[in-house]
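Here, each number is a calculation from the coordinates, and none is a lab measurement. Computed from a prediction, not measured in an experiment: that's the story for all the values here. Neighbour counts run over all protein chains shown; Cβ positions are idealised from the backbone, glycine included.
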Amino acid sequence: MTPSTSPLGRLLDGVVSRVLDAPLAVMPPDALSHTDTGTGTGTTGPANTTGTGAVDGLAALLARRLRADPARPLLTFYDDATGERTELSATTVDNWVAKTANLLVDTLGIGPGDTIRIVLPPHWQTAVILLAAWSSGACVSIGRPEPATDTPPVAIFIRENDLDTPLATGDEADVVALSLRPMGGRLLRPAPGALDFAAEILAHGDRFTPPGPPANQRALVRMASYYARAWGLAERDRVLTTAGYETPEGLLAGLLSPLAAGASLVVCRNLDDALLERRITTERVTAVCGPMPSTPTGIRRLSVPSR
């Protein structure tokens, strides 16, 4: 991919494009040299308390969470426009990530260093695709493309509703469409030239052996751990997020740092503001990020400092 204009930003080249340049720039210079030994307690020690040994990549971070507590919910998803509630344990997330990584490698021919563009809203399937892309060693471009700087993707993941827009084009890129309907339903209409994620995923196994992560993925893991420590995240935390993954808050507070801390997520799409306080109570939420009308008393707001 095209190198970042920021010297610090180059630390994440080959992992994720642009989104994290600002929060990376305000980190202490020695933060990325920190080795997560997995022996801390959340606020004062290393972010993760669920294992031992350094973690080099995102696949190992997920594996550590799986070993620690496979049955505990890792991701709970709400879509208030459809009434959907989907809860996934660490085991279920791991199975979906493995199936998706096998799809990337076996069907799409994705290899380490290839770029995948993901233009999807906050959703449990979006989180799965992100983790699967990093597990396969791919680079991720999140959100709408910037043709002047973005490396042409090998594959593009988009919503079914975007199939007729310029988002579905790339330099001979494979297009994978998602309905984002409840229960991971198939596309509602034929999509010539595109793959239906829900149909394609069925043929793939739920075990995947990741290649060694690119060196810069270690920087991403350490960045996630740094912010988990800064926010005081621990295993008991449940983070409610409405933020898109194309934002620093969505990517760090809404996915990577809770994973590094062994915490769990409540991902809300089309949030009904009137339901917010009840949902926080019902889901035992301890922290929030992303757009919402207010932050209830006693709930931490996780925000990423700007440059």
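Mind listing P(r) for the stretch 208-307? All alpha-carbon pairs, 10 Å bins, whole percents.
15, 47, 27, 8, 1
If we count other beta carbons within 10 Å of each Cβ, what is the order of Thr82, Thr126, Thr247, fewest first?
Ordered from fewest to most neighbouring Cβ atoms within 10 Å, Thr82, Thr126, Thr247 come out as Thr82, Thr247, Thr126.
Kindly identify the stretch 175-243 as rounded, prolate or oblate by the Cα gyration tensor criterion: order the square roots of the eigenvalues as a ≥ b ≥ c, call it rounded if a/c is under 1.5, otherwise compare a/b with b/c, prolate if a/b is larger, else oblate.
It is prolate, given that a/c is not under 1.5 and a/b is the larger ratio.
Under Stokes-Einstein, with the Kirkwood radius over Cα pairs standing in for Rh, what whole-number D in µm²/s applies to the stretch 75-224 at 4 °C and 1.567 mPa s?
Reported coefficient: 82 µm²/s.
Determine, for Ile116, Ile158, the number of other Cβ atoms within 10 Å of each Cβ, and report the residues in order from fewest to most.
Listing Ile116, Ile158 from fewest to most nearby Cβ atoms yields Ile158, Ile116.
Before rounding to the nearest 500, sum -39500 (n - 2.57) across all DSSP H runs of length at least 4 in the chain and divide by the residue total; then give [θ] at 222 nm in deg cm²/dmol.
Theoretical 222 nm ellipticity from helices: -6500 deg cm²/dmol.
Of the DSSP beta bridges with both residues in the chain, give the percent that are antiparallel, rounding to the nearest 5.
15
Count the net charge of all other residues whose Cβ sits under 12 Å from the Cβ of Glu200, scoring Lys and Arg as +1 and Asp and Glu as -1.
That works out to -1.
Would you work out which of Leu66, Thr100, Phe77 lies farthest towards the positive end of the dipole of the stretch 58-113, given +1 charges on the beta-carbon of Lys and Arg and -1 on that of Asp and Glu, about the Cα centre?
The Cα lying farthest towards the positive end belongs to Leu66.
Among Asp21, Asp94, rank each residue by its count of other Cβ atoms within 10 Å, from fewest to most, as a rough exposure measure.
Going from sparsest to densest Cβ surroundings: Asp21, Asp94.
Residues of the stretch 202-246 with the amide nitrogen closer than 15 Å to a label point 7 Å from the Cα of Asp69, along Cα-to-Cβ, please.
The answer is 233-240, whose backbone nitrogens lie closer than 15 Å to the label point.
Calculate the length of the line joining the C-alpha centroid of the stretch 215-271 to that of the stretch 100-159, in whole Å.
Distance between centres, Cα-based: 19 Å.
Report, as a whole number in µm² per second, the diffusion coefficient that Stokes-Einstein gives for the chain at 25 °C and 0.890 mPa s using the Kirkwood radius over alpha carbon pairs.
Answer, rounded: 127 µm²/s.
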